[in-house]
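Only one structure is covered here, and it is reproduced in the block below.
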Amino acid sequence: MITVTINGNAVTAETTDSILKAAERADIYIPTLCYHPDLPPRKGGMPVHVVYQGGIRFENDPSKTPQTGLESGCGLCVVEMADSGELEPACGTLVAEGMSILTESDKVKARQREKLKEILADHPHACLTCAQQEGCPRTQCSSNVPEKERCCPQLGNCQLQKVADYIGMDPATPKWMPTDLPVIKDDPLFDRDYNLCIGCTRCVRACRDLRGIEAIGFVVDSGGKIRVGSVAPTLRESACKFCTACVEVCQTGAILDKGLKNKREDLLPCVAACPAGINIPWYLRFVAQRKMDEALWVIRQGVPLPGILGRVCTRPCEETCRRRDVNEPISICALKRFAADNGSEGWKAASLKATDSGRKVAVVGAGPAGLTAAFYLRKLGHSVTVFDSNEKPGGMMRYGIPDTAFPETCWTRKSARSSHWVLTLCRPPQSAMNCP
């Protein structure tokens, strides 16, 4: 750990931190558009030979791009080195002991406004100067802004808007001239509006470096402008997996989730449809990584019997799965069963259990509801005894579902003190499928 000074404040940072990262740790805002914490820097990014924006083909001009790739990023994250007065990019400059940095000097502000002006010249920006930014219905424009230049769906959530509000727009910023680039709405899961792209290449890096797919790329055209698009005429021809990683990093609305009104219900419809509210994407990710115990830990936050549920669930989550729009829904129920059949008891290590409360609880009925109640009561620290009038526990799981649905299960013994069957939970119960 080292100490640097940012705007007169001592900041502790790691030697591997960039100035931007050190500032983030100290909650000091430095504007940037190309940087993302999960992505490599734009500097050095290599163009492809050709990209497509709908039916428009753009070829790379090698004379506009050095052999080492892009020379810089957006240029907005510049800071001034107090000792030398030099301007350096905060995203690509590592901190050093005793370094003194200025992020809000006149020199910094002037450079940032210059760079922002260049970006806004190729991006619709009437929304940034509109007096009705707050509360505009977007159905009509009192400022008489032409329809093609009006506010996009990102109004209020646009990173470019946040940067412009912080830096301030140069009065000499030229008026945006409509580009009439394609707006593509016939692909599944997300829409693309190339008129809103600022060439930050975050989507390209997400596709290439996070997913390893390379369905989208960028070129530098003969005018020196960065053009982002699919590497084939369509996304499907480009081998796009429609994972939406590009959507997550897009900051200007050039790529938007399709029909996203309620983020939980529209972006995660499987979770919204699950009666138990299980974090389905979370445990599917663990299953994909072959981490069955971690998957079971996630599942058991919502249900205690994943092996049985993985065999008899009616799968409302799959009916709403967004992958249906691409090819077919993910086999969520079968993967829950797979995790239960192939996991061990390792999930218990991460399953928190409260200290004993000293309280005793009797649960009448050893069906799925009773066993679920007993499971979570025990996790809360209560001593639980489950009573049932049948010879064996399970309720409808045992007596209402055919034996062929799942193999023979084992349960604890009948109490010697009663004619009723008793299950005493000294620890969180196991799934019937994993019971030793």
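General remarks:
- Reported count of residues in region 151-179, each being surrounded by fewer than 16 Cβ atoms within 10 Å (Cβ to Cβ) and within 22 Å of CYS246 (Cα to Cα), is 4.
- Test: residue in region 203-218 that is over 21 Å from the mean Cα position of the chain (by Cα), part of a loop (DSSP other than H, G, I, E, B) and surrounded by 16 or more Cβ atoms within 10 Å (Cβ to Cβ): no
- Residue in region 30-38 that is β-branched (Val, Ile, Thr) and more than 23 Å from ASN195 (Cβ to Cβ) present: yes
- With respect to the conditions (1) modelled with pLDDT of 90 or more; (2) under 30 Å from THR5 (Cα atoms); (3) of a type outside the set (Phe, Trp, Tyr), ILE56 falls short on a single one, namely (2).
- Filter result (of a type in the set (Gly, Ala, Ser) and out of contact with any helix residue (DSSP H, G or I) (no Cβ under 9 Å at 6 or more places or on another chain)) within region 57-115: SER63, GLY69, SER72, GLY73, ALA82, SER84, ALA96, GLY98, SER100, SER105, ALA110
- Search result, residues across region 299-338 that are assigned to a loop (DSSP other than H, G, I, E, B), within 21 Å of LEU267 (Cα to Cα) and not polar (S, T, N, Q): GLY302, ARG315, CYS321, VAL326, GLU328, PRO329, ILE330
- All positions within region 272-292 that are over 29 Å from LYS258 (Cα atoms) and surrounded by fewer than 19 Cβ atoms within 10 Å (Cβ to Cβ): ARG290, LYS291
- Exclusive hit being surrounded by 13 or more Cβ atoms within 10 Å (Cβ to Cβ), modelled with pLDDT of 80 or more and under 24 Å from VAL247 (Cα atoms), set PRO124, PRO89: PRO124
- Residues of region 14-43 that are exposed (fewer than 14 other Cβ atoms within 10 Å of the Cβ) and within 14 Å of LEU70 (Cα to Cα): PRO40 alone.
- Residues in region 381-396 that are part of a loop (DSSP other than H, G, I, E, B) and touching a strand residue (DSSP E or B) at 6+ places or on another chain (Cβ under 9 Å) were compared, and the one that is surrounded by the most Cβ atoms within 10 Å (Cβ to Cβ) is PRO393.
Listed here are the residues, each with its yes/no results for (1) in contact with a Cys (Cβ under 6 Å, 6 or more places away or on another chain); (2) on the phi < 0 side of the Ramachandran plot; (3) among the aromatic types (Phe, Trp, Tyr); (4) part of a loop (DSSP other than H, G, I, E, B).
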| residue | (1), (2), (3), (4) |
| --- | --- |
| LEU20 | yes, yes, no, no |
| TYR29 | no, yes, yes, yes |
| LEU39 | no, yes, no, yes |
| TYR52 | no, yes, yes, no |
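- Restricting region 311-364 to residues that are among the hydroxyl-bearing types (Ser, Thr, Tyr), touching a residue at least 24 places away in the same chain (Cβ under 8 Å) and touching a helix residue (DSSP H, G or I) at 6+ places or on another chain (Cβ under 9 Å), the residue that is surrounded by the most Cβ atoms within 10 Å (Cβ to Cβ) is THR320.
- Taken residue by residue, region 150-173 has at least one member that is part of a loop (DSSP other than H, G, I, E, B), of a type in the set (Ser, Thr, Tyr), at pLDDT 75 or above and not assigned by TED's automatic domain parsing to the domain that holds GLY8.
- Some residue of region 30-51 being of a type outside the set (A, V, I, L, M, F, W, C), over 25 Å from the mean Cα position of the chain (by Cα) and modelled with pLDDT of 90 or more: yes
- Looking across ALA273, ALA239, one residue alone is farther than 25 Å from PRO124 by Cα and in contact (Cβ under 8 Å) with a residue 40 or more places away in the chain. It is ALA273.
- Region 4-18, subset in a loop (DSSP other than H, G, I, E, B) and of a type outside the set (Asp, Glu), residue nearest to ALA96 (Cα to Cα): THR15
- Within region 369-381, residues that are in contact (Cβ under 8 Å) with a residue 12 or more places away in the chain and not assigned by TED's automatic domain parsing to the domain that holds LEU305 sit with their Cβ atoms under 8 Å from residues that are outside any helix (DSSP H, G or I) and among the polar types (S, T, N, Q), at 6+ positions apart or across chains, in these pairs: LYS379/SER351; LEU380/SER357; GLY381/THR355; GLY381/SER357.
- Per the conditions (1) under 25 Å from MET396 (Cα atoms); (2) charged (D, E, K, R); (3) not in a helix (DSSP H, G or I), the sole criterion not satisfied by ARG290 is (1).
The values are calculated or read from the model by the stated rules, or taken from the named source; none is laboratory data. Note that the structure is predicted; figures quoted are calculated from it, not measured. So basically every Cβ, Gly included, is an ideal-geometry build from the backbone, and we count neighbours across all protein chains shown.
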